[in-house]
Each structure stands twice: as structure tokens, then as C-alpha cells.
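Once you've had a glance at the structure underneath, I'll fire off some questions.
The values are calculated or read from the model by the stated rules, or taken from the named source; none is laboratory data. Everything quoted here is computed from the prediction, not taken from an experiment. Neighbour counts are summed over all protein chains in view; Cβ atoms, including those assigned to glycine, are modelled from backbone coordinates with ideal geometry. Side chains included, ligands, DNA and RNA excluded: accessible areas come from the protein's heavy atoms. Shrake-Rupley method; radii C 1.70, N 1.55, O 1.52, S 1.80 Å.
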Amino acid sequence: MIQVKISSLSIGFGHKGGFRHLFRGLTLDIPVQFGETIGLMGESGCGKSTLLRLIAGVLASRHGVIRIDGAPSDSVAFLPQGGVLLEHLSLQDNLRLFSRLKVTRRRFDQARLLHAIDALDLNELVSRGTKVDKLSGGERQRVSLARVLSIKPQLILLDEPCAAIGGDHRTEFLSTLKRSSEELRFGVILASHDWNDHSLIANQIAFMKNTGGDGLSTVPVVPVKEFASVPWHREAVSYTSRGPINWIKAQKIDGCWCLSVGDLQLSRMGAELPLATKLRHEGDGSLLLACGIDNIEFSEENAESPPLEFFGTSDAFAFLRIGPRILIAGKQSFADGKRSIRLTGSIPAYSTAGDFVGILNLPAE
């Protein structure tokens, strides 16, 4: 196993609005098993590429320490976005490039290159002598990866490897990457903003929230299944949800949590949410609930319920107007008349700062 250990790392840059911190005292341990992938996820600008470059030693920081245990420094390889192929060289010469460079010549292994070519399904391209400028985005990435594998890295850092690959070719590339890491026994840290990439290949997720220039100090690393079920930060919820998320504010009143949507007080059946007191949130007295499309259901007709305006449907969703807000629910039948909605199922709750607080479990009536 390889351990990437980051301590007190700080880095940022100046811009016209002042100085913007990416990391401020970042402390992070990333355990990478051989044959496994760590998914580095977050929106554009959160620092994924910068972190990979720092780990690879391509970029240096004056503040902080990065140590890699379990692998020598020269067995860490960095593959930038889009790969790097030399157009004036043949495909064969691109694949064997590291055998000609002084800094990598002694590490080049012809047998490993042939194994990588086979593992990455490149044999047909090589036998045809395909010109480099005729390669697709996925083929260029696989050629770049095979070339990196020829110097027997134990850890490969990939920056948005699927950015130029679409459709089935994306899935094909990730599948061959996963198979190759298992066969050739190397670890992978893969940076991507696309949850689908990580759900296909990652074993663990390190989610990097965007701090808006304040500087990231911690990055939890959790199993991919755990992250998919309960993202640790509000910013991560939209990545894993299978539909739109309704953010509903919950306010603590007399020890119970009440929900407010627009100018209408909502709850499980129009009263308080006593189950929510189990969250033991001692913050500023308010929470944000991540209500998915399946957490919002229509109640039976109730003449005493406030008016609920049915705003229309799409192929998959129903839209409900409540005061100034539009809520999105699963597409269900809707009759005219006064009806209310109720919340049901497991609903993640987050502090107003965005940190995960707990789960509301609201069984259906």
C-alpha cells in the first residue's frame, strides 16, 4: 500500500480581487492500495489539478510537507489532462519514448510496455501503424497511459483523463484502466469533476469542496459507497443525486424542527418534526435538508391544508408552487383541489455552513 501524507500545506495565488487561497494548512492522508483507485472530486477551480501536481512534484510549495510512503519518488507518474503525444513521431516511437530519454531510460521495461499495450487493447492500433493525428481522444489517452506504464510506476496521478472522451469510449477507457491497475498492480489517484467517472472506477472518494478563496484545510477520504449514500458536504449532494434536490430550511422552535418553504410551514404531516431532535445540532438554530424527488409526496385531499398549486410536469418530474418557491417531486398523479405534501424517507441534514449533521428518517404514513 502507498500512503500519500500531506501536512500543513498552503498555496494560493493573486488575482485582481486580492489573494485567493486554494489550500491553507491542508492536512490529508490518502491510502492507495495497489490495484485500487482514489477518486479526487470537486467542481472546477477547487484545486484538484494543483493537488495532483504538488503530489507529483511538478509544482512546489514553500509551505507544507508532502511525503509518499510505500513507493520511491521516481515510481510516481503524472499524466496531465489530454495526455501528451508527439505528433511528429510514429505511434511506436511515442510508446517507446521513455526508452530514449535520459531521465527515464534505466526504468524503461519493454516487457511491461507490451503487457500494457495488451491490457489497454492497443494491439490493433499498433499493428496497423495508426498515425498519431488519427487517434481518437480515448485512444490518445490509452497510448499515453501505456507509455507511462512502460517505466513501471507504482502510483499514477491522472488529471481529468476523460475530458476529451465521450459516450461508450469513456466507459471503455475507465474499464481498461481499472483492469490494468489490477493486472499490473499500481495505484491510481484520478481527478475528475464527473461523478460517473468515479462511480465506475473509484474505491474511495476524496471530495474537495470549493472554499471561495478561504483555503481548504481538510479533505475526508471515504469509501465510494458511503459517499454515494451520504455525501459529507452540501456541495457534494448534487453529484450523487439521481434528480433535482430541494433545499428546505429547518428551524428549531421549542425544541422541535419545523420546515419552511416560501411562506408555508411544512412538516411531516403539517406539524413539527420531533424525530429531527435526534440530530442534536447545536449550531445557529437552522439546518438545510436535502430533499430529493422521492422525499416529497402528495398527501390525501385535505380541505384544511394550504393551497398547493400544481405547476406542471416534465418527462420525469412534477413541479409544485408553494409561495415563492417551486419544489420538484417525482412525477405522480395529481387531482384538482386543496392538497398538501409530506416528506418521507431518509433525508440528509446539513448545517448552514454545509457540513453534514445527520439523517432524518421519516417513514411514509
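Residue by residue through the stretch 184-200, which ³J(HN,Hα) values in whole Hz follow from phi under the Karplus form 6.51 cos²θ - 1.76 cosθ + 1.60 (θ = phi - 60°), with glycine and proline marked x?
Per-residue couplings from phi come out as 9, 6, 10, x, 10, 10, 10, 9, 7, 8, 9, 4, 4, 4, 5, 5, 7 Hz.
Quick one: which of 121-133, 349-361 comes out on top by average Cβ neighbours within 10 Å, and what's the full order, highest first?
Going by the mean number of other Cβ atoms within 10 Å, highest first, we get 349-361, 121-133.
What's the ranking of 56-69, 19-32, 218-231 by average number of surrounding C-beta atoms within 10 Å, highest first?
Ranked by mean Cβ neighbours within 10 Å, highest first: 19-32, 218-231, 56-69.
Would you work out if the stretch 182-254 is rounded, prolate or oblate? Take a ≥ b ≥ c from the square roots of the eigenvalues of the alpha-carbon gyration tensor; rounded if a/c is under 1.5, else prolate when a/b is larger than b/c, oblate otherwise.
Verdict is prolate for the stretch 182-254.
Given axes a ≥ b ≥ c from the Cα gyration tensor, I'd like to know whether the stretch 125-213 is rounded (a/c under 1.5), prolate (a/b larger than b/c) or oblate.
Prolate shape, in that a/c is at least 1.5 and a/b is the bigger ratio.
Hey, can you find the accessible area per residue of the stretch 1-89 for me, probe 1.4 Å, expressed in square angstrom?
Here the per-residue accessible area is 49 Å².
Got the relative contact order for the stretch 101-221 handy, in percent, Cα pairs under 8 Å and 6 or more residues apart?
RCO, the stretch 101-221: 25 percent.
To continue, here is another question. Show the residues, 5+ positions off or on another chain, whose built amide H is closer than 5 Å to the amide H of L216.
For L216, whose amide H was placed from the backbone, the distant partners under 5 Å are F23, R24.
Summarise the accessible area of the stretch 1-125 (1.4 Å probe, protein heavy atoms) by the percent that is carbon and sulfur.
Carbon and sulfur together cover 51 percent of it.
Students often check this: by mean Cβ neighbours within 10 Å, which of 174-185, 90-101 ranks highest, and how do the rest follow?
174-185, 90-101
Moving on. Tell me, what ³J(HN,Hα) does each residue in the stretch 140-156 have, in order and in whole Hz, if you take phi through Karplus 6.51 cos²θ - 1.76 cosθ + 1.60 with θ = phi - 60° and put x for Gly and Pro?
4, 5, 5, 5, 4, 5, 4, 4, 4, 5, 5, 9, 6, x, 9, 9, 10
Would you please name the GluC sites (Glu not before Pro) within the stretch 4-96 that are DSSP coil residues with at most 14 other C-beta atoms within 10 Å of their C-beta?
E43, E87
Now a separate question. Specify whether the C-alpha gyration tensor of the stretch 1-152 places it in the rounded, prolate or oblate class, a ≥ b ≥ c being the square roots of the eigenvalues: rounded for a/c under 1.5, otherwise prolate if a/b is larger than b/c and oblate if not.
Prolate.
If you don't mind, there's one more thing I want to ask. Note down the relative contact order for the stretch 1-81 as a percent, whole number, built from C-alpha pairs under 8 angstrom at least six residues apart.
The normalised contact order for the stretch 1-81 reaches 39 percent.
Which whole-number value in Å² is the accessible area per residue of the stretch 133-210, probe 1.4 Å?
Value returned for the stretch 133-210: 33 Å² of accessible area per residue.
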